[in-house]
Amino acid sequence: MSIEQLKERLFAEGKNVGFTDLELYYEKKESLTIGLYEGEVDKYDFSDVQGASVRGLYNGKTGYAYTEKFDEDSVEFLLKNAVENAELIENEPEELFTEKAEYEEIQFYSPELDTVKPEEMIQFLKQVEEKILSYDPRVKKVTTSQMQNQKFEKGLFHDKGLELKEANNFLLFYVSILVQENDELKSGFTFRITKDFKELDADAIVKEVVEQGLSMLGERNYPNKNYPVVLKNEAAASLLSTFTSSFSAQAVQDNRSRLKGKVGEKIASDIVNLVDNPFLPAGIQSATFDSEGVPTRKLNIVEEGNLQTYFHNLKTAKKDGVDTTGHAHRGSYRGSVEVSPSNFYIEPADQSYEQLYEGLEEGIIITGLAGLHSGADPISGDFSLAADGYYVKNGKIVGPTKQMTVAGNFFEVLQDIEEIGSDLTFSPMSFNGYIGSPTLKIKGLAVTVD
């Protein structure tokens, strides 16, 4: 049974059962992951997952149910379970979006990625590995080399006439290496997210990851103190990702955000604009409608340092007496409707990475952060994190530091941003949307070199 046939049967039978509103959400995910280790394919995983969930009003209460099967029995199964669920739930009924609305006509799906064959992915992985191992004798091993070709399709239908479908896809490549000089071992890592396989440049990737690893050799101790800091784009994106939940109205209403009551107030430096852009051409989370069927739109969450709004879905918007911002989100067809950004990032400016540290008399460049889950409090904003990076003197990089611990508060960091780079990049591993940042120059952070 197709999703369209399931929808028609569900809506027809739902009325007979007694549902006054019914919504059907559908998603399908396909992913091919290929990994290479020492010239041999050591990972070849294909996954194909699809499912559907129903929300509906039954005797004034909201009932839920979901299924992975699309057959004749699924209709009865979904309605029976949704009725039982509604009878048990005591919360107020949820809002379903039934308004007529206009949606942007944007295609995020790249048909070209469908033509990329597994053999081509394997050949590219082998090419990169061979080039890395021959680049410099200090390269000892390629520890991880993987490529994923991912597709995502979703649909949302309402018995009042709403019918929405959309698809997105992307290709993720990442590689990590080990380099060694004498007894010192260091790692390098880089990744690419693209919709164009031909855009991947093996030579550029190899140069980037090897030079990054080699640049960390020769680590030294430096005095522990408060330094001006240049937070490299990937590190800045991972820090923003850790605290993104603070901008959710759901977190605010549950007293889990320090931004409660701050709309209209200054929460960041004058030069900071935080943007949520669901129409980013290469964005993993790009979409023209959210998980409730509300049209999405580009939105300034922070403008010139001032908090403009939180992320809202229909439920949180109703509670605050405002309009939804189109940020309803389901982690999967099994999950309930939550709140999450789409492609959320600090708007880039025009300075290069080099320009951001050239003016430092003395400072630290942070290239990577670790321990973001255990070393950060998303409510207070406090963090104490392991970090890698370089020591800077008179505007020049002197060399890598031994592993550092950097401590501070995310909300104070936002206030202390002095300059912003042009090199916007996104964190590939975030669970809070697709989060990005350019390199940032920060007034100061407490740095301890171990």
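The values are calculated or read from the model by the stated rules, or taken from the named source; none is laboratory data. Worth saying up front: this structure is predicted, and the values here are computed from it rather than measured. When we count neighbours, we look across all protein chains shown, and the Cβ atoms used for this are built from the backbone with ideal geometry, even at glycine. Quick note on the areas: whole protein, heavy atoms, side chains included, nothing else; ligands and nucleic acids left out. Shrake-Rupley method; radii C 1.70, N 1.55, O 1.52, S 1.80 Å.
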Under 14 Å Cα-Cα from Lys140, which aspartates and glutamates qualify once same-chain neighbours fewer than 8 residues away are excluded?
Glu38, Glu129, Glu130, Glu181, Asp183, Glu184, Glu211
Taking the chain as a Gaussian network, Cα atoms linked when under 10 Å apart, which of Gly18, Gly35, Gly436 shows the biggest mean-square fluctuation?
Gly18
Reachable aspartates and glutamates from Lys198, Cα under 16 Å, same-chain residues fewer than 8 places away excluded?
Glu112, Asp114, Glu119, Glu120
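Report the GluC sites (Glu not before Pro) located in the range 1-79 that are in a DSSP loop and have at most 11 other Cβ atoms inside 10 Å of their Cβ, or state none.
On the way: sites: Glu4, Glu8, Glu13, Glu23, Glu27, Glu30, Glu38, Glu40, Glu68, Glu72, Glu76; in loops: Glu38, Glu68.
Sparse-neighbourhood loop GluC sites (Glu not before Pro): Glu38, Glu68.
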Highest-fluctuation residue, Lys315, Lys100, Lys232 considered, GNM on the chain with Cα pairs under 10 Å
Lys100
Projected label distance in nm at Asp377 and Tyr353, using a 7 Å step from Cα toward the beta-carbon:
3.3
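Applying 1/(1 + (r/R0)^6) with R0 = 30 Å to the Cβ-Cβ distance of Gln403 and Lys126, what FRET efficiency is obtained, to the nearest 0.05? Could the numbers behind the result be given before it?
Details: r = 33 Å, r/R0 = 1.10.
Computed FRET efficiency for Gln403 and Lys126 comes out at 0.35.
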When only DSSP loop residues count, what GluC sites (Glu not before Pro) in the range 271-329 have their Cβ near at most 13 other Cβ atoms within 10 Å?
Glu304
At what distance in angstrom do the alpha carbon centres of the range 121-165 and the range 249-282 lie from each other?
30
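Provide the per residue accessible area, probe 1.4 Å, for the chain, rounded to a whole number of square angstrom.
On the way: 20780 Å² over 450 residues.
Accessible surface, normalised per residue, equals 46 Å².
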Under a GNM of the chain (C-alpha, springs under 10 Å), which listed residue has the highest mean-square fluctuation: Asp320, Asp183, Asp388?
Asp183
Under a straight-distance cross-link criterion of Cα-Cα below 12 Å, which aspartates and glutamates are reachable from Lys266, leaving out those fewer than 8 residues away in the same chain?
Glu303, Glu304, Glu412
Long pairs among Lys165/Lys315; Lys131/Lys396; Lys28/Lys319; Lys100/Lys160; Lys15/Lys80; Lys207/Lys393, criterion Cα-Cα beyond 20 Å
Lys165/Lys315; Lys131/Lys396; Lys28/Lys319; Lys207/Lys393
GluC sites (Glu not before Pro) within the range 323-361: which are DSSP loop residues with at most 15 other Cβ atoms inside 10 Å?
Glu361
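Using only alpha carbon pairs under 8 Å that are at least six residues apart, calculate the relative contact order of the chain and give it in whole percent.
Details: 1108 pairs, mean separation 69.1, N = 450.
Answer for the chain is 15 percent.
With charges set only on the Cβ (+1 for Lys and Arg, -1 for Asp and Glu), what does the dipole of the chain come to about its Cα centre, in debye to the nearest 20?
Approximately 720 debye in magnitude.
Computed FRET efficiency, Cβ-Cβ of Ser134 and Val49, R0 45 Å: what is it to the nearest 0.05? Mind showing how you got there, number by number?
Details: r = 39 Å, r/R0 = 0.88.
Rounded to the nearest 0.05, the efficiency is 0.70.
First compute the accessible area of the chain with a 1.4 Å probe, then give the percent of it belonging to carbon and sulfur atoms. Could the numbers behind the result be given before it?
On the way: 9440 of 20780 Å².
The C+S portion of the solvent-accessible surface of the chain is 45 percent.
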From the backbone phi of the range 174-189, what are the Karplus-calculated ³J(HN,Hα) couplings (6.51 cos²θ - 1.76 cosθ + 1.60, θ = phi - 60°) in whole Hz, Gly and Pro given as x?
8, 9, 10, 9, 10, 10, 9, 9, 6, 9, 8, 10, 9, 10, x, 8
